[in-house]
Amino acid sequence: VQLVESGGGLVPPGGSLKLSCKASGGIESISFIEWYRQVPGKQRELVANINRDGSRNFAPSVKGRFTLSRDIVKNMVYLQLDSLKPEDTAVYYCKQPVYDSWGPGTQVTVSA
């Protein structure tokens with residue numbers, strides 16, 4: 001399974017971005033997707049995940065601001081980032097844990 005993220009960019013505090021994770025393969029490739037983020041010098045942090053049954057989990061630092069959705073026709077998982085803060089600045093990665101596949105990441109920068 002190959003994954004590719006897109007949608008990152010530079011936004012001011014309070015802004016929004018919608019990140020996409022495109023997976024190769026069939027519906028199983030997006031049945032369970034995790035989103036991580038990483039800043040230089042720090043460990044990769046689990047931000048959110050969506051499970052096979054559609055249930056979602058979010059890290060306390062992003063709960064209420066980030067949402068997840070999935071499009072099984074397009075084989076895409078989306079991470080909507082709202083009310084962004086400077087501390088959300090990081091490279092965001094999606095991962096398919098069953099296949100241990102990672103995308104190359106997309107940079108999100110929140111700055112005035």
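If you bin all the Cα-Cα distances of the range 59-112 at 10 Å, starting from zero, the percentages per bin are 20, 49, 28, 3.
Simple rule: put +1 on each Lys or Arg Cβ and -1 on each Asp or Glu Cβ in the chain, find the dipole, and look at 26, 15, 78; the Cα lying farthest toward the positive end is 15.
Per residue, the accessible area of the chain comes to 51 Å² when a 1.4 Å probe rolls over the protein heavy atoms. Going through the cross-link list 42/95; 22/85; 18/74, which pairs have a Cα-Cα distance over 22 Å in this structure? Beyond 22 Å: 22/85.
Based on alpha-carbon atoms, the Kirkwood radius and the radius of gyration of the range 36-80 give Rg/Rh equal to 1.02. About the centre of its Cα atoms, the chain shows a dipole size close to 120 debye [charges on the beta carbon of Lys, Arg (+1) and Asp, Glu (-1) only; nearest 20 debye]. The distance between label points at residue 109 and residue 55 comes to 3.9 nm (points 7 Å beyond Cα on the Cα→Cβ vector).
Computed over the chain with a Gaussian network model linking Cα atoms closer than 10 Å, the most mobile of 18, 42, 95 is 42. The portion of the accessible surface of the range 1-75 made up by carbon and sulfur, rounded to a whole percent, is 55 (1.4 Å probe; DNA, RNA and ligands excluded).
Considering only protein heavy atoms, what is the solvent-accessible area of residue 94 at a probe of 1.4 Å, reported in Å² to the nearest 10? Only protein atoms counted, so the area is about 0 Å².
Straightening the chain between residue 72 and residue 4 buys 22.9 nm, computed as 0.36 nm per residue apart minus the Cα-Cα spacing.
The values are calculated or read from the model by the stated rules, or taken from the named source; none is laboratory data. Just so it is clear, the model here is predicted, and its values are computed rather than measured. Cβ atoms come from the backbone with ideal geometry, glycine included; neighbour counts cover every protein chain shown. Ligands, DNA and RNA are excluded from the accessible area calculation, which covers all protein heavy atoms including side chains. Shrake-Rupley method; radii C 1.70, N 1.55, O 1.52, S 1.80 Å.
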